[in-house]
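Report on one structure; see the data block that follows.
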Amino acid sequence: MSKHITKKALKNISDKCGFPLDVTIKSPMIQIFSDREIIVENAKKIEYHDENISKIRTSDMLVCICGKKLKIKFLENKNVSVSGYLEKITFE
């Protein structure tokens, strides 16, 4: 019998117990504050950043942020905040 628990099993447990997915399986949590700031929680790494594009890798996806005057406001405990003039956010 395998001791490894799959993501699907953890999602089922989370649903039945009412636990948030970001806690159970460390899935990304994304907060957007107007068109000026985005916080990506449970980020794995920043793949690319300049003043027009930020690409942040999470366990499930790549979060691509396009805009103007983008800056990494903070990076701590797997949380990344990008501020500036946000124009487009995509998930790959």
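Read the figures in this text as sums done on the coordinates, not as results from a lab. Bear in mind the structure is a predicted one, so any value in this text is a computation, not a measurement. Cβ coordinates were reconstructed from backbone atoms using ideal geometry, including for glycine residues, and neighbour counts include every protein chain displayed.
Here are some notes:
- Label-to-label distance, nm, for residues given as N77 and I32 (7 Å Cα→Cβ offset): 2.5 nm
- With both labels modelled 7 Å from their Cα along Cα-to-Cβ, the E92 to Y48 distance reads 0.6 nm.
- Taking Lys and Arg as +1 and Asp and Glu as -1, the other residues whose beta-carbon sits under 14 Å from that of H49 total +4.
- Beyond 19 Å in Cα-Cα separation lie the following of the pairs K16/K78; K44/K73; K55/K78: K16/K78.
- Near N79, once Lys and Arg are set to +1 and Asp and Glu to -1 for all other residues with Cβ below 11 Å from its Cβ, the sum equals 0.
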